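Structure, as structure tokens:
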Amino acid sequence: MFPKTFQKLIEDFSRLPSIGPKMAERLVLFLYKGDKEFLKSFASDLNNLAENINFCRRCHHLTEDDQLCKICSNPQRNQEQICVVEDPLDAISIEKTKAFNGLYYILGGSLSVINQKEIDKLNFNQLVRRVKEEKIKEVIIATNPTTDGETTALYLLRILKPLGVKVTRLGRGLPTGGDIEYADEVTISSAFQGRTTMN
């Protein structure tokens, strides 16, 4: 029905979150019928995303090239606090509130069950190493208030408590079952202010 190039792009767009085949068809058609300069620029931006964006080697946030991210390389940040989040969008949401001035560690997901394969995938060992080597005084666990987020938080407490570091959890301003990236700035700020020590 569509030329091969169209069909391939429709399949690519369909793989994106919340985009079904019909929406993908409309997007591809919109791009084709629109401004050709915009289309070329869009293609170039996608290529730059693939070529130039990496994960920070210290915290796994997004960064250009192989450099540390802007947060890790900023000496004005509190070097004694790490906020642990599930993905970069959570860190970006927290940054917008200006409620936190420490460092981050981005897990890249959460634990649905505690097994070695999932633990290895989220690289908890690097977080433990950072806490030891960087003399971190507080780890703020900001995983989402979902079942998987709570499982992850409890596992983090288990591996961090023996290190003698203070482990806190965001307060309950966040609705259970929600995602941090969708919470408003006031709610996130309240959650930071109301964080509690985990035992």
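Restricting to the chain, what percent of DSSP beta bridges are antiparallel, rounded to 5? Kindly include the intermediate steps, with their values, before the conclusion.
Numbers: 5 of 17 bridges.
Within the chain, antiparallel bridges account for around 30 percent of the total.
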- Task: Evaluate the distance, in nm, between pseudo-label points positioned 7 Å from the Cα of LEU49 and of PHE6 along their respective Cα→Cβ axes.
- Result: 2.3
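Using Cβ counts within 10 Å as a stand-in for footprinting exposure, how do TYR105, TYR32 rank, fewest first? Don't jump to the answer; show the numbers that get you there.
Values: TYR105 24, TYR32 12.
If I rank by nearby Cβ atoms, fewest first, I get TYR32, TYR105.
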- Compute the length gained on full extension between LEU157 and SER14: take 0.36 nm times their separation in residues and subtract their Cα-Cα distance, giving the result in nm to one decimal. 47.6 nm
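Given the -39500 (n - 2.57) contribution per DSSP H run of 4+ residues, what per-residue ellipticity at 222 nm results for the chain, rounded to the nearest 500 deg cm²/dmol? List each step's numbers first, then the result.
Values: 8 runs with 91 residues, N = 199.
Value at 222 nm, helices only, nearest 500: -14000 deg cm²/dmol.
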- Task: Among MET23, MET1, rank each residue by its count of other Cβ atoms within 10 Å, from fewest to most, as a rough exposure measure.
- Result: MET1, MET23
- Query: Size of the stretch 4-55 along its principal axes in angstrom, Cα-based, largest extent first?
  - Reply: 32, 26, 20
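Among 51-63, 71-83, what's the highest-first ranking by average C-beta atoms within 10 angstrom per residue? Each step should come with its number before you reach the end.
Numbers: 51-63: 16.8, 71-83: 14.8.
For the peptides 51-63, 71-83, the packing ranking is 51-63, 71-83.
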- Check cross-link reach from LYS22 to the lysines: straight Cα distance under 21 Å, and skip same-chain residues fewer than eight apart. LYS4, LYS8, LYS33
- Item | Sequence-distant residues sharing a close amide H with CYS83 (under 5 Å, placed H) | LEU103, TYR104, TYR105, ILE140
- Cut-off 16 Å (backbone N to label point 7 Å along Cα→Cβ of THR146), residues of the stretch 95-119: 107-114
- Taking H placed 1.01 Å from N in the peptide plane, check which residues at least 5 places from ARG195 or on another chain put their amide H under 5 Å from its amide H. GLY171
- What is the order of ASP120, ASP87, fewest Cβ neighbours within 10 Å to most? ASP120, ASP87
- Item | Listed values (i) 25, 22, 15; (ii) 32, 19, 17; (iii) 36, 19, 17, entry calculated as semi-axes √(5λ) of the Cα gyration tensor in Å | (iii)
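All of the numbers you see were taken from the coordinates with simple rules; none came from a lab. Just so it is clear, the model here is predicted, and its values are computed rather than measured. Here the Cβ is made from the backbone with ideal geometry for all residues, glycine too, and neighbour counts use every protein chain on show.
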